[in-house]
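Engineer: After the structure tokens below, expect a handful of questions from me.
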Amino acid sequence: MRKRKPKLVTQYKCDHCGTTTSSFVTTHKYQHFCRIQTPGFPADKDCMADYFGTKYI
Ligand SMILES: [Zn+2]
């Protein structure tokens, strides 16, 4: 989904897949990973889990 008017949205480049996203999680090592999830549903995309394996799920 794209927003027409750019607002001040914090975006980071995913350390796993390289996508720049505003839907991300940050680790304690200041790494950023995409995490796209609708509450109540499994994550659509969870690069942190992919990066570290499945131990964070
Ligand atoms: Zn990613």
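Engineer: Enumerate the amide H contacts of Lys45 below 5 Å, restricted to partners 5 or more residues apart or on another chain; note that Pro and chain-start residues carry no placed amide H.
Structural biologist: Here Ile36 satisfy the definition.
Engineer: If I take R0 = 35 Å and measure r between the Cβ atoms of Leu8 and Gln37 in this structure, what FRET efficiency does the formula 1/(1 + (r/R0)^6) give, to the nearest 0.05?
Structural biologist: 0.95
Engineer: Can you tell which of Phe33, Phe24, Phe41 shows the greatest fluctuation in a Gaussian network model of the chain with Cα springs below 10 Å?
Structural biologist: Phe41
Engineer: Follow-up. If I model the chain as equal point scatterers sitting on the Cα atoms and use the Debye formula, what is log10 I(q)/I(0) at q = 0.14, 0.20, 0.27, 0.30 Å⁻¹?
Structural biologist: After summing over all Cα pairs, the log10 values are -0.39, -0.75, -1.15, -1.28.
Where a number appears in this text, it was derived from the coordinates with a stated rule and is not lab data. Please read all numbers here as calculations on a predicted model, not as lab measurements. Don't worry about glycine lacking a Cβ; one is built from the backbone with ideal geometry, like all the others, and counts go over all protein chains shown.
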